[in-house]
Amino acid sequence: MAKVTGIKVKGIGSYVPEAIATNEDFAKIVDTSDEWITQRTGIKTRHITNGEPNYYLGARAAEKAIADAGIEPTDIDLIIVATCTPDFYTPSEACLIQREIGAIGSMAMDINCACTGFDYGVDMAKRYLQSDDDVHTVLLIAAEELSKFVDYTDRSSCILFGDGAAAFVLQKQENALYASYLGADGNGAKFLAARALKSENVFRTNKEEFDMDMPELKDYFFTQDGKEVYKFATKALPNAVLKACEKAGISPEELDAIVPHQANVRIIETAAKNLGVSMDKMVVYIDRYGNTSSASIPMAFCDAVAEGRIKRGDKICLVGFGGGLTYAAVVFEY
Ligand code: UT7
């Protein structure tokens, strides 16, 4: 097992909005059923915002992680927020959360790697902690308000998504188990998309649409080719775990827990089979929260810790896949 400069998870916390939408609630608005959603996805309920903005969710999760770490907001040197559903183009979600929690003065930035954002964020945090003498404490947050861009007339996607946030306080740890495997395949960009504003500047004379090789999108709503993403995910997820484990010098069986992106329980079951590990190793809370994009992995991690399924010293792999298409796995000791 390779020991390197890695991360110490000082504190964790998660937050979901109070309002819950059940499968029965969806059966009232689109042609679907609890049976179909449960069998095809594993989802039962999701939490949905009722007016609270995305940064509010992130700030509440961050406050819990800070309290759990036993630090002050002013101890934070860098805030990284993974999100693909920010409240504004500018300021960043990180600046809004910084203001909300009183961590003024820290560096603050957002990253958008869709559902893989938390893994990318852990790796980015690790690199700052390792190489920047001014960075001793990183607050990494994943906050998503997917209900904002869900098309609630599209039964194939609206039933999947929920809102939520989770945060880790990270510091440097010498002689630690740590490895990461991150990547992307932009050829799959068109399979998961939500459009930002189109250019309508006053000087524009060319009224033709530029061919971006992306699907026709309804306003700014989210759309996906579920089958293509499913095919990609069932390969990318086990492959990322294997590659990260290989770099860490351990086998997947030696992991105490694998915390995968919570998109579809069938994807997770297929990945477990391909990896040759039992489902007991896979942390799955998709029934409670649905798919919360980048927040799904740390939210599941927090629930697993709260329920005693993940303990201090456990060898963990966080593994994500999603829009981009992106994929990533990080291995570390909790
Ligand atoms: O984090 C983002 C990453 N996204 C993902 O990981 C999504 C990956 N993909 C999936 O999870 C699955 O492809 C879905 C859950 C999106 C769809 O499941 P599926 O088993 O691939 O269903 P399907 O698209 O093959 O559709 C099967 C049938 C179709 O009807 P016909 O054509 O067989 O008559 C659909 O119209 O199920 C129908 N269907 C539904 N029926 C009831 C699609 N959505 C629904 C629904 N309720 N909500």
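Within the range 288-334, work out how many residues are within 14 Å of the ligand (Cβ to nearest atom) and of a type outside the set (A, V, I, L, M, F, W, C).
13
With the requirement that a residue be aromatic (Phe, Trp, Tyr) and either without any contact (Cβ under 8 Å) to a residue 60 or more places away in the chain or farther than 27 Å from ASP87 by Cα (or both), what does the range 184-211 give you?
Answer for the range 184-211, where residues must be aromatic (Phe, Trp, Tyr) and either without any contact (Cβ under 8 Å) to a residue 60 or more places away in the chain or farther than 27 Å from ASP87 by Cα (or both): PHE203, PHE210.
Within the range 1-22, track down each residue that is surrounded by fewer than 20 Cβ atoms within 10 Å (Cβ to Cβ) and among the polar types (S, T, N, Q).
Passing the criteria: THR5, THR22.
Among the residues of the range 146-165, is any among the β-branched types (Val, Ile, Thr) and away from the ligand (no atom under 16 Å from the Cβ)?
No, every residue in the range 146-165 fails to be among the β-branched types (Val, Ile, Thr) and away from the ligand (no atom under 16 Å from the Cβ).
Taking the range 284-330 on its own, how many of its residues are in a strand (DSSP E or B) and within 17 Å of CYS115 (Cβ to Cβ)?
Counting residues in the range 284-330 that are in a strand (DSSP E or B) and within 17 Å of CYS115 (Cβ to Cβ) gives 12.
Just one of the numbered conditions (1) surrounded by 15 or more Cβ atoms within 10 Å (Cβ to Cβ); (2) within 11 Å of the ligand (Cβ to nearest atom) is not true of ASP31; which one?
Here ASP31 meets the rest and fails (1).
Considering only the range 78-116, how many residues are among the acidic types (Asp, Glu) and either buried (at least 18 other Cβ atoms within 10 Å of the Cβ) or touching a Cys at 6+ places or on another chain (Cβ under 7 Å) (or both)?
Here the count works out to 2.
Would it be correct to say that LYS243 is crowded, with 16+ Cβ neighbours inside 10 Å and of a type in the set (D, E, K, R)?
yes
Filter the helices (runs of 4 or more DSSP H) completely within the range 25-118 down to those with at least 3 residues that are of a type in the set (Val, Ile, Thr).
It comes to 34-41.
No lab work stands behind these numbers, since they all come straight from the coordinates. Given the structure is predicted, the values throughout are model-derived calculations rather than measurements. FYI the Cβ positions are ideal-geometry reconstructions off the backbone, even for glycines, and counts take in every protein chain you see.
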